[in-house]
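Step one of this worksheet: look at the structure below.
The values are calculated or read from the model by the stated rules, or taken from the named source; none is laboratory data. Since the model is a prediction, treat every value here as computed from it, not as a measurement. Positions of Cβ are backbone-derived with ideal geometry, glycine not excepted, and every protein chain shown enters the neighbour counts.
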Amino acid sequence: MCGEHAFVSPEFVDSVQPIVLVGGKSRRFGRDKLREPWGEPGCVLVQRPIEVLRSIFGPRVKLVGECDPNILPLADGIIADQHAGIGPMGGIVSALQHWGGPVFVLAGDMPSFAASDGWSLLHAAQQKPDCLAVLAATDRPHPCAGVYRAAALPVLSDCLARGDFRLAQAIPERATLMVPVAADSATNLNTPA
C-alpha cells in the first residue's frame, strides 16, 4: 500500500518489538502446524507471519515460545517464554518483560495476515497511546494479532497470578482499541482442513 509509512513515524515503529508466537502444541491440528508446507515450495506456514512482520519492521522479528529447532533460523532471534504451556498470554507477558516497550504480536498460525492490516494496527496504536491493547477485529477481537503496550504488563501479569489465562478477556474493554482487518488476515489454522 502506497504511503503507509507516512502514517506511522519511524520512531514509533522502532519502539515496537515484533514477535511471532510459536509455543502452541497444535493439538487440534494433530501435528506441528507451523512446519506445514505453505505457499512456495520449500516454505512452511510460520514463515508467512515472520515475513509479513519483517516487511513492516525489518529483520528484527523474534519468536516467542518453544518450537521445532528447524524454525528458529527463520526468524531473527527468540525470546524465552517464561510462562510456557499456558497459552499466548504467557508469551506476550514474556515478550513485554523482555522488551520493556510495546510488542506487535502475531500468531505463528496466521499465514494470511496482510501487511496493510499491520500498518493499520500500528497507526491506530500511535494515535491512541492511552490504549493498553490495539487488536485486529473482524466480527470479534483477535488478541493474537495486535499491539500490546508496556502498560498492559501489570494487567496481564495479574491475570497470570490469578490463573486466568483467557487473553481475549484480559485487557478491559475501555483500554482496548479494535481495528477492523480483512477476514483473511485474522484467520488462524487449527485443523488440516
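Test each condition in (1) touching a Leu at 6+ places or on another chain (Cβ under 7 Å); (2) surrounded by fewer than 19 Cβ atoms within 10 Å (Cβ to Cβ) for residue 152 and report the one that comes out false.
Unmet for residue 152, out of (1) touching a Leu at 6+ places or on another chain (Cβ under 7 Å); (2) surrounded by fewer than 19 Cβ atoms within 10 Å (Cβ to Cβ): (2).
Checking the condition without any contact (Cβ under 8 Å) to a residue 24 or more places away in the chain, surrounded by fewer than 20 Cβ atoms within 10 Å (Cβ to Cβ) and not hydroxyl-bearing (Ser, Thr, Tyr), which residue from 169, 126 passes?
After applying the criteria, what remains is 169.
Looking at residue 40, is it closer than 21 Å to residue 115 by Cβ, modelled with pLDDT of 85 or more, loosely packed, with under 14 Cβ neighbours inside 10 Å and out of contact with any strand residue (DSSP E or B) (no Cβ under 7 Å at 6 or more places or on another chain)?
The answer is no for residue 40.
Can you find even one residue in the range 67-81 that is crowded, with 17+ Cβ neighbours inside 10 Å and touching an Asp or Glu at 6+ places or on another chain (Cβ under 6 Å)?
Looking for residues that are crowded, with 17+ Cβ neighbours inside 10 Å and touching an Asp or Glu at 6+ places or on another chain (Cβ under 6 Å), one finds none in the range 67-81, hence no.
Take the conditions in contact with a His (Cβ under 9 Å, 6 or more places away or on another chain) and closer than 22 Å to residue 54 by Cα and apply them to residue 101. Does it pass?
no
Return yes or no: is residue 135 free of Cβ contacts under 8 Å to residues at least 60 places away in the same chain, assigned to a strand (DSSP E or B) and either on the phi < 0 side of the Ramachandran plot or in contact with an Asp or Glu (Cβ under 9 Å, 6 or more places away or on another chain) (or both)?
So residue 135 passes the test.
Suppose the filter is modelled with pLDDT under 95 and crowded, with 16+ Cβ neighbours inside 10 Å; does residue 19 pass it?
The answer is no for residue 19.
Which condition breaks for residue 93 when tested against (1) buried (at least 22 other Cβ atoms within 10 Å of the Cβ); (2) not in a helix (DSSP H, G or I)?
The number of the failed condition is (2).
Hey, among the residues in the range 156-166 that are in a helix (DSSP H, G or I) and under 18 Å from the mean Cα position of the chain (by Cα), which one's surrounded by the fewest Cβ atoms within 10 Å (Cβ to Cβ)?
Selected residue: 157.
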